[in-house]
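Below you will find the structure I want to go over with you.
The values are calculated or read from the model by the stated rules, or taken from the named source; none is laboratory data. None of these values were measured; they are calculated from a predicted model. Neighbour counts run over all protein chains shown; Cβ positions are idealised from the backbone, glycine included. These area figures cover heavy atoms from the full protein model, side chains too; ligands, DNA and RNA do not enter into them. Shrake-Rupley method; radii C 1.70, N 1.55, O 1.52, S 1.80 Å.
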Amino acid sequence: MERRTFLKRFLETILFISSALLFSYPVFAFLSFRKISRRQVVFKKGEGAEGIEFKDGVFLVPVDGKLLALSARCTHLGCTVNYDQVAQQFRCPCHGSRFDRSGRRIAGPARKPLRELPIKKKSNGDVEVTITF
Amino acid sequence: MSPEMHINRFSRYLPRLGLASLLLCIGSGIILSFQYRPLGNVFRNVEEITTLVPFGRFFRQLHYGSGQLFVLLMLLHTLEHFLKRRYRSFSGLQWTWLILSLGLCFFALFTGYVLKGDKEGLFAGNIFMNIIKTIPFVGDPVSRFFIVPGKDLLFLPYLYHILFLPVLIVFFLKDHIREWFPDRRFLFAATAGLFLFALFIPPRLDIPPNAPVPLVEGPWFFLGIQTLLKLIPPLWAGVGVPGLFAAGLLLLPFAGERLGRWIHLLLVTCFCFYALLTIRAFLFGP
């Protein structure tokens, strides 16, 4: 191949790759953009005082006289955990991870504890829990 | 009849019956799309299609049965060519398109499973999303190409299921299929068989999304992966192992005689192991 042809081919390839990259970034950024969403779950005054309450993806757990809000999303791969009244544990129906009452991991493939969610006490005694996802 | 003839007949029947199932699947899918809505209370919508809409149960089962049959026949068809080492006669690129389209067929089955909108479907969607997220650096943004959490969870799988995947599958297969309309005998056989299936076999009970059930099972072809997910990190069980298997399969026509034989043997071993995992999960739960 002559030097001139080689240079021409080389430049053309570089131009092609760089324009492809230049175009693929906006496409990538557009496709992968997502707004962070928030939603509130409200527990009425007195709920959670007797035992564990579940509402809309949130467990309200009384621990040592205080209320703890735990996300019901398993930290392994995002299934919703169930509360086992007898064993007093959270269990994931998908891959069998188990967590204790305060969300600490006991067994199974999950590595992290259940996510604790911020609680806000309202003036009328209701408890508002915020989930970000 | 000599055994050779039997094998030839088997080779001929599989893809032709598969094509007939694909046509029935597309037809019933088009019909279902007039009543199915991927947003809002999808579970309720699917239950209404099954119980309230006239012939809804029939079309749902026809779509389910034809889709499953099509992909199962494609898997057997590929397996047969693989075992007879027919990939040697394909150009590397042809083989790549075909394997890719088989992968897309399974993805179409999977998105269909998610679109049921019941507990199993929603969990499967979430698991799929979280597995992609475990890919280092690009996992999180790439997962949003396929599925996003929140109330629109089923929208992208829906788009893939009814638009991207059928178009891509047909595009990849177009040079591979000589005649797009299968022989009338095959079309008749598939129609008769699948109509009987849709008429007499009720759909599996869908689990309401809020029902607490002790065990949730994935679709049959992911039961092995569901078992693996209990044992090894999700990046390996969900991406690494299937990815290596696919890479081996794609490399076959490019590998030389000796290396090719090794890869072939390795793939057969992996396939048998996966089949055993699946059977075990069927019998004793994943």
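Taking amide H positions as placed 1.01 Å from N in the peptide plane, with prolines and chain starts having none, which residues 5 or more places from A:Leu117, or on another chain, fall under 5 Å of its amide H?
A:Ala69, A:Leu70, A:Ser71
Continuing with this model, one more query. FRET efficiency for B:Asp152 and B:Val268, Cβ-Cβ distance as r, R0 = 35 Å, nearest 0.05?
About 0.25, to the nearest 0.05.
In whole Å, how far is the Cα centre of segment A:1-61 from that of segment B:109-169?
Centre-to-centre distance over Cα atoms comes out at 14 Å.
Which of the three applies to chain B, rounded, prolate or oblate, going by the alpha-carbon gyration tensor with a ≥ b ≥ c and a/c under 1.5 meaning rounded?
It comes out oblate by the Cα gyration axes.
Now a separate question. May I ask you to give the percent of accessible area on chain B that is carbon plus sulfur, with a probe radius of 1.4 Å?
Here it works out to 73 percent.
How much length, in nm to one decimal, is gained on full extension between B:Leu276 and B:Phe171, taken as 0.36 nm per residue of separation minus their Cα-Cα distance?
Contour length minus Cα-Cα distance gives 34.5 nm.
Now for a different question. Got a sec? What order do B:Glu120, A:Glu2 fall in by accessible area at 1.4 Å, biggest, i.e. largest, first?
I get A:Glu2, B:Glu120, largest accessible area first.
So what's the gap between the Cα centers of segment B:21-80 and segment A:70-97, to the nearest angstrom?
31
Run the numbers for A:Arg111 and A:Glu47: contour at 0.36 nm per residue of separation, minus the present Cα-Cα distance, in nm.
Stretched out fully, the A:Arg111 to A:Glu47 stretch lengthens by 20.1 nm.
Explain nothing, just compute: Karplus ³J(HN,Hα) = 6.51 cos²θ - 1.76 cosθ + 1.60, θ = phi - 60°, for every residue of segment B:60-70 in order, whole Hz, x for Gly and Pro.
4, 5, 5, 5, 4, x, 5, x, 4, 5, 4
What is segment A:35-133 by shape, rounded, prolate or oblate, if you read a ≥ b ≥ c off the alpha carbon gyration tensor as root eigenvalues and call it rounded for a/c under 1.5, prolate for a/b larger than b/c, and oblate otherwise?
Because a/c hits 1.5 or more and a/b fails to exceed b/c, segment A:35-133 counts as oblate.
Here is a follow-up. Pick out which of B:Leu173, B:Leu154, B:Leu52 has the largest mean-square fluctuation in a Gaussian network model of chain B, springs linking Cα atoms closer than 10 Å.
Among B:Leu173, B:Leu154, B:Leu52, the largest mean-square fluctuation in the Gaussian network model of chain B belongs to B:Leu52.
Also, quick follow-up: Running a GNM on chain A with Cα contacts under 10 Å, which residue among A:Ala107, A:Ala87, A:Ala29 ends up with the highest mean-square fluctuation?
The residue with the greatest mean-square fluctuation here is A:Ala29.
Here's another thing I want to ask about it. Tell me the total accessible area that A and B bury against each other, 1.4 angstrom probe, in square angstrom rounded to 100.
1800
With a 1.4 Å probe and every protein chain left in place, work out the accessible area per residue of the protein assembly as shown in Å², rounded to a whole number.
Solvent-accessible surface per residue comes out at 59 Å².
Still on this model: Roughly what would the spin-label model give for B:Leu199 and B:Phe284, points 7 Å off Cα along C-beta, in nm?
4.2
Mind checking the mean number of beta-carbon atoms from other chains within 10 Å of the Cβ atoms in B:208-217?
3
Test of understanding: in a Gaussian network model of chain B with alpha carbons linked when under 10 Å, which of B:Pro253, B:Pro233, B:Pro15 would top the mean-square fluctuation ranking?
Of B:Pro253, B:Pro233, B:Pro15, the most mobile in the Gaussian network model is B:Pro233.
Turning to a different aspect of this structure: Rounded to the nearest 500 deg cm²/dmol, what is the calculated helix-only ellipticity per residue at 222 nm for chain B, with -39500 (n - 2.57) per DSSP H run of length n ≥ 4?
-22500 deg cm²/dmol
Heavy atoms of the protein only, probe of 1.4 Å, neighbouring chains included. What is the accessible area of B:Trp220 in Å², nearest 10?
Using a 1.4 Å probe on the heavy atoms, I get roughly 70 Å².
Additional query: Other chains' Cβ within 10 Å of B:122-128 residues: what's the mean?
4
If you don't mind, another one. Ranked by accessible surface with a 1.4 Å probe, highest first, in what order do B:Tyr13, B:Tyr36 come?
B:Tyr13, B:Tyr36
Also, I was wondering about something else. Using Cα-Cα distances under 8 Å and only pairs 6 or more residues apart, what relative contact order does chain A have, in percent?
After rounding, I find 22 percent.
Compute the distance in nm between two label points, each set 7 Å from the Cα along the Cα-to-Cβ direction, one at B:Val142 and one at A:Arg38.
Inter-label distance under the simple model: 3.2 nm.
Further, regarding this structure: Please label the shape of segment B:163-286 as rounded, prolate or oblate, based on the square roots a ≥ b ≥ c of the eigenvalues of the alpha-carbon gyration tensor (a/c under 1.5 means rounded; beyond that, a/b larger than b/c means prolate, else oblate).
It is oblate, given that a/c is not under 1.5 and a/b is not larger than b/c.
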